[in-house]
Amino acid sequence: MDIETLARDVAAGDRRALARAITLIESRRADHRSDAVALLEALRRDGRQALRIGLSGTPGVGKSSFIEAFGLMLTEQGLRVAVLAVDPSSARSGGSILGDKTRMERLSREPRAFIRPSPAQSQLGGVARRTREAVALCEAAGFDVVLVETVGVGQSETVVAEMTDLFVLLLAPAGGDELQGVKRGIMEIADLILVNKADRELKAAATRTCADYAGALRLLRKRPQDPEGFPKALTVSAHEGTGLVAAWEEMQALARWRREAGHFDRRRAEQASEWFAAEVREGLLARLASEPGMRARMEEMTRKVRAGEATPEGAAARLLDEF
Ligand code: GDP
């Protein structure tokens with residue numbers, strides 16, 4: 001594959017080249033992998049920066065409706081929007097949250113938008129790596145906003161928060177006064193809570209839910225990366241399009257503040273160093289396992305550790321010495 005040409009086409013914003021580039025980084029073939037690494041290196045010289053937004057919410061809160069309405073609002077402002085997904089359930093169900101062709105139909109027809117379904121992989125770690133690289137490709141392709149969507153299960157929110165600049169939690173109006181079982185950990189990584197479906201007969205409930213969450217957010221410890229008033233809770237309606245402009249203004253205000261205060265670059269630098277460490281860790285393990293005889297030695301040592309014939313520490317030290 002001609003990586004130079006592909007890099008040039010991606011940098012020119014060609015969506016088909018971008019799609020091909022993402023297919024390349026998703027491939028597990030060793031030769032594809034080295035091409036993918038070369039491509040990412042060729043593109044990083046560019047230094048373009050998109051606003052990376054993580055978006056999470058349980059199925060049914062209106063993520064696709066929101067992304068469609070929000071994405072269209074952004075493209076109408078002349079901005080280019082990419083939508084990626086981290087979907088830990090896709091491996092199990094065989095489908096993916098963005099795989100359904102009917103989702104975001106209008107946005108997908110918009111020339112300034114790019115939508116990519118979640119890669120079908122069994123491990124969240126694998127999906128995270130591909131998505132992180134896809135984010136970098138979208139950024140190099142000149143997208144102004146990269147939205148990374150995830151369903152609210154397990155650890156996927158943390159994974160998405162670790163590859164984005166700000167994190168938005170989408171909720172639906174609650175019936176009673178319970179806080180919808182939103183885990184504290186998710187509240188702590190949210191920069192903005194959007195209570196969707198604030199329309200028609202759900203409007204009053206949405207307003208109430210929003211006030212409850214605003215109260216809960218005020219009780220959280222103040223984080224250094226937050227200006228006054230953040231994290232914030234707002235109501236939106238994906239169907240009626242209300243609150244979307246306000247939500248975008250809040251996101252921009254937060255990003256601007258963090259840029260000026262140095263938090264933005266610091267967070268990206270931390271993310272980059274984390275990914276480097278993860279790549280080294282995974283690469284070392286892969287090399288260890290591919291070394292002739294090493295896999296068998298590992299299995300043998302595992303058996304000994306299990307049987308109590310060796311300590312985990314001693315066995316690991318011996319294995320690494322042999323390597
Ligand atoms: P997702 O599973 O989070 O992607 O949610 P969807 O976007 O598929 O929406 C789930 C359901 O909520 C659908 O029946 C939508 O029509 C409905 N819905 C989404 N957004 C709104 C909204 O702003 N107002 C109302 N009333 N319903 C909405």
request  = Return yes or no: is S56 modelled with pLDDT under 95, within 16 Å of the ligand (Cβ to nearest atom) and part of a helix (DSSP H, G or I)?
outcome  = no
ask   = Any residue at all in segment 241-252 that is at pLDDT 95 or above, closer than 30 Å to D14 by Cβ and not aliphatic (A, V, I, L, M)?
value = yes
ask   = Quick check: anything in segment 2-9 hydroxyl-bearing (S, T, Y) and within 16 Å of the ligand (Cβ to nearest atom)?
value = no
task = Specify the residue that is modelled with the lowest pLDDT; the eligible residues are those in segment 204-224 that are of a type in the set (K, R) and assigned to a helix (DSSP H, G or I).
result = R218
remark   = If you go through A269, A190, A233, the only one that is small (G, A, S), under 15 Å from D165 (Cα atoms) and touching a residue at least 24 places away in the same chain (Cβ under 8 Å) is A190
task = Out of the residues in segment 181-203 that are assigned to a helix (DSSP H, G or I) and within 13 Å of the ligand (Cβ to nearest atom), state the one that is surrounded by the fewest Cβ atoms within 10 Å (Cβ to Cβ).
result = E201
query = On the given criteria, is Q252 surrounded by 14 or more Cβ atoms within 10 Å (Cβ to Cβ) and within 16 Å of L166 (Cα to Cα)?
reply = no
task = Within segment 59-82, count every residue that is outside any strand (DSSP E or B) and away from the ligand (no atom under 16 Å from the Cβ).
result = 7
ask   = For segment 141-168, how many residues meet the condition of being over 8 Å from the mean Cα position of the chain (by Cα), of a type outside the set (S, T, N, Q) and modelled with pLDDT under 95?
value = 4
note = Considering residues that are out of contact with any Gly (no Cβ under 8 Å at 6 or more places or on another chain) and surrounded by fewer than 19 Cβ atoms within 10 Å (Cβ to Cβ), the number found within segment 122-142 is 4
task = Hey, can you tell me all the residues within segment 298-323 that are of a type in the set (A, V, I, L, M, F, W, C) and closer than 18 Å to L285 by Cα?
result = M298, M301, A315, A316, A317, L319, L320, F323
message = Consider segment 105-125. How many of its residues are more than 22 Å from F66 (Cβ to Cβ), at pLDDT 70 or above and either in contact with a Ser or Thr (Cβ under 7 Å, 6 or more places away or on another chain) or not in a loop (DSSP other than H, G, I, E, B) (or both)?
response = 2
ask   = Among (1) away from the ligand (no atom under 16 Å from the Cβ); (2) surrounded by 16 or more Cβ atoms within 10 Å (Cβ to Cβ), which single condition is T209 missing?
value = (1)
task = Given the conditions (1) out of contact with any Pro (no Cβ under 8 Å at 6 or more places or on another chain); (2) assigned by TED's automatic domain parsing to the domain that holds L194; (3) surrounded by 16 or more Cβ atoms within 10 Å (Cβ to Cβ); (4) on the phi < 0 side of the Ramachandran plot, report the number of the one that V245 does not fulfil.
result = (3)
message = Which condition from (1) in a helix (DSSP H, G or I); (2) buried (at least 16 other Cβ atoms within 10 Å of the Cβ) is the one that D31 breaks?
response = (2)
remark   = Counted residues in segment 270-323 being outside any helix (DSSP H, G or I) and among the small types (G, A, S) come to 4
task = Might you check whether a residue that is within 13 Å of the ligand (Cβ to nearest atom), more than 30 Å from V37 (Cα to Cα) and free of Cβ contacts under 8 Å to residues at least 60 places away in the same chain occurs anywhere in segment 244-257?
result = no
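The values are calculated or read from the model by the stated rules, or taken from the named source; none is laboratory data. This one's a predicted model, so the numbers in the text were calculated from it and none came from an experiment. Don't worry about glycine lacking a Cβ; one is built from the backbone with ideal geometry, like all the others, and counts go over all protein chains shown.
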